[in-house]
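**Student:** Please read through the structure below; I'll follow up with questions.
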Amino acid sequence: MLILVTYDVNTQDKEGRKRLRRVAKQCMNYGVRVQNSVFECVVDAAQLRLLRKQLEDEIDEHKDSLRIYNLGNRTKSNVEHIGTKSAIDVEGELIF
C-alpha cells in the first residue's frame with residue numbers, strides 16, 4: 001500500500017533538531033522524500049505498524065505533529081503530480 005508520511009517537528013532547541021533528523025532518517029528507510037517533510041512509502045501492513053511505532057518513539061507528542069495517510073493499493077490513480085521534481089514510480093524498484 002502507498003502511504004504518505006508528513007511531519008512537523010519543533011526545531012527551536014537542539015533536541016528538536018535531533019528529533020527532526022531521526023524522523024527523516026526513519027522515513028528514508030521506508031520510502032522517498034517528495035517534499036521537505038513529506039515521504040511517499042510503499043509498505044505492507046507489518047511495515048506500516050513498525051514505521052508508525054518507530055516514528056511515535058521519535059517525536060515529542062507535546063511539540064511535534066505526525067500524519068500518516070493511507071492511499072491504498074491503487075497508487076497510479078491516487079497520486080497526481082504537477083510541477084518540478086519528477087514523479088517517482090512508487091510501484092517500481094527503488095534504487096538509491
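Each value in this text was obtained by applying a stated rule to the coordinates, not by laboratory testing. What you see is a predicted model; the values in this text were computed from it and never measured. FYI the Cβ positions are ideal-geometry reconstructions off the backbone, even for glycines, and counts take in every protein chain you see.
**Student:** Suppose each label sits 7 Å from its Cα in the direction of the beta carbon; what would the MET28-GLU80 distance come out to in nanometres?
**Tutor:** With each label point 7 Å from Cα toward Cβ, the separation is 3.2 nm.
**Student:** Something else about it: So if each residue of separation counts as 0.36 nm, and I subtract the Cα-Cα distance between MET1 and VAL38, what length gain in nm does that give?
**Tutor:** So the chain would gain 11.7 nm between MET1 and VAL38.
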